[in-house]
Amino acid sequence: MNPTDAGRRYFLKGAGALAAASTLPLSLVKLAFADAAQDFTFAYISDAHIQHIEGTKFVRNWDRGLIRAVAETNLLTPKPDFVMFGGDLAQLGSKPELDHGGEILSKLRHPLHSVMGEHDYYLDLGEYWSKLFGPHHYSFDHKGVHFVVLNSVLTYDEWTFNRWPTAEQRMLEMAGLDNPNGSPFMVGEKQREWLKKDLEAVPKTTPVVVFSHSPLQKIYKGWNFWTEDAEEVQAILAPFEKVNVIYGHVHQIQYNQIGRISFNAVMATAWPWPYPATYAQAESAMPVLTVPMNRADPFFERDATGWQFIDMNTGRVTMKFNLYNNTNRVVAFNPATGRPEDRDFQDPAKRIPPQDHY
Ligand SMILES: [Fe+2]
Ligand SMILES: [Fe+2]
C-alpha cells in the first residue's frame with residue numbers, strides 16, 4: 001500500500017467514526033471501541049550502539065544509522081502512535097554514550113518507549129539509563145492492545161555482583177560474542193512474578209505485545225541469541241490468544257511461531273550480524289520459518305541495517321523492514337497458517353537466490 005492509500009484508508013475510517021458519533025451518544029461510541037483492538041502503527045528502532053571514542057568524538061557510522069532512523073520515522077505518514085527503541089542504545093553503557101544517544105532520540109516527533117539492552121545495562125546495572133528513559137520493565141495499554149516491556153538481559157547474581165573486579169570489566173565481558181566468561185540472559189523470577197500479576201487483569205482475548213531485548217526463545221547460545229528462562233516466560237504468555245514478542249539484539253531478520261506466540265526480530269541501525277556458520281555445529285535452534293536476509297554485498301557495512309514500521313492489524317503484527325541498502329521486507333502474521341510469514345519470499349520458489357562473491 002502506498003502512503004496515499006494508507007492516508008485514504010485512515011481518512012475513511014475517521015469519517016466512519018464521525019458518522020457513528022453523530023447518531024450515537026458519545027458514551028456508547030466509546031464503549032463500542034473499548035475492548036476491540038483497533039488498527040494503528042508504531043515504529044521500532046533498535047541497536048544503535050552509540051560508541052564513545054574520546055571527548056566529543058563518537059563512532060560516526062553508528063551515529064549516522066540512528067540519525068537516519070529518527071529522520072525517516074519523523075517523515076512517516078500516517079504518523080506512528082509511538083516509537084519503540086529496542087535496546088543497545090550505547091556500546092559500553094557510559095554516560096556520554098547514553099546522553100549522546102538520548103540527544104539523537106530526542107529529535108523524534110513521537111512519544112518514545114525504551115527497552116534495556118545488555119550494552120546499556122552492565123556498566124552501572126541500568127541506573128543512568130533509568131534516569132533518562134524510565135523503568136526497566138513496565139506495561140501500558142494502547143487502542144485495545146496490552147504492551148509489556150521486559151528487561152530480558154539479567155543474569156545470575158553471582159556473575160553480576162561477585163565475579164568482576166570492576167564494572168568496566170563486567171561490561172566488556174558481557175559485550176563479547178563467543179566469550180566463555182559471558183553468562184546467559186534471563187528475565188528472572190522477580191520479573192516473571194511481576195509479569196504474571198500484570199497479566200492477571202488482562203482478558204485472554206486482548207492482544208498482548210511483549211518487547212524484550214534478547215529473544216524470548218532459544219536460538220544460539222554462543223552469541224546470547226538466547227534467554228535462559230524462555231520457556232517459563234512463554235508459559236506465562238501461552239494462555240493468551242494473540243501474543244507477539246518483538247526483540248532486538250540479533251541485528252537480523254528472524255521470525256518464529258511457538259504455540260500461540262509469534263516472534264519477530266528487528267534490525268539494528270548500527271551493523272548487521274551474520275547468520276553464523278556455527279549455527280550448524282553449535283547448540284542452536286534457528287527458527288525454520290525464517291527466510292534469511294540476502295546480503296547483496298558482504299563488504300558494504302550498511303547492508304542489512306535499518307528500522308521497522310509496524311502495522312497492528314486486529315492485534316497482529318505486520319513488520320515492515322526499512323532496510324537502508326537492501327530490498328525492503330514485510331513479515332506479517334498469516335491468519336490462514338497461523339504464523340508470521342514473509343509476504344514476498346516465504347514461498348521457496350519466489351526467493352532471490354543467494355549471490356556468490358568472487
Ligand atoms: Fe545489539
Ligand atoms: Fe544486545
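The values are calculated or read from the model by the stated rules, or taken from the named source; none is laboratory data. As the structure is a prediction and not an experimental result, all values here were calculated from the model. In this analysis, Cβ positions are derived from the backbone assuming ideal geometry, glycine residues included, and neighbour counts consider all displayed protein chains. Surface accessibility is based on the protein's heavy atoms, side chains included, excluding ligands, DNA and RNA. Shrake-Rupley method; radii C 1.70, N 1.55, O 1.52, S 1.80 Å.
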Any residue on another chain or 5+ positions along whose placed amide H is under 5 Å from the amide H of D39 is listed here as T314
Quick one: if you stick a label point 7 Å off each Cα along the C-beta vector at I67 and T337, how many nm between them?
4.1 nm
Short version: ³J(HN,Hα) in whole Hz for each residue of the range 134-151, in order, from phi by Karplus 6.51 cos²θ - 1.76 cosθ + 1.60 (θ = phi - 60°), x for Gly and Pro, what are they?
x, x, 6, 9, 5, 9, 8, 10, 8, 6, x, 10, 9, 9, 10, 10, 10, 8
For L154, the residues 5 or more places away or on another chain with a placed amide H closer than 5 Å to its own amide H are M186
Reduced to Cα centres, the span from the range 49-111 to the range 188-211 in Å works out to 29 Å
In terms of solvent-accessible area of protein heavy atoms at a 1.4 angstrom probe, what is the ranking of F300, F58, F85, highest value first?
F300, F58, F85
HN-Hα J in Hz across the range 345-350 - Karplus 6.51, -1.76, 1.60, θ = phi - 60°, x for Gly and Pro
10, 5, 5, x, 5, 9
Lysine pairs, Cα distance under 22 Å, 8 or more residues apart or cross-chain: how many in the range 88-229?
10
Whenever you get a sec, line up T206, T269, T77 from highest to lowest accessible area (probe 1.4 Å, protein heavy atoms).
T77, T206, T269
Using a 1.4 Å probe on the protein heavy atoms, what percent of the accessible area of the range 34-350 belongs to carbon and sulfur?
53 percent
Under-5 Å amide H pairs with V210, H placed in peptide plane, nonlocal only
V148, N244, V245, I246
Excluding residues fewer than 8 places away in the same chain, name every one of the aspartates and glutamates whose C-alpha is closer than 15 Å to that of K79.
D5, D39, D311
What FRET efficiency do you get for F161 and S130 if R0 is 22 Å and r is their Cβ-Cβ distance, rounded to the nearest 0.05?
0.75
Straight-line reach check, K350, cutoff 23 Å on alpha carbons, 8 or more apart in-chain or any other chain, hits among lysines -> K320
Output ordering of 135-145, 244-254, 63-73, 217-227 (per-residue mean of other Cβ within 10 Å, highest first) is 244-254, 217-227, 63-73, 135-145
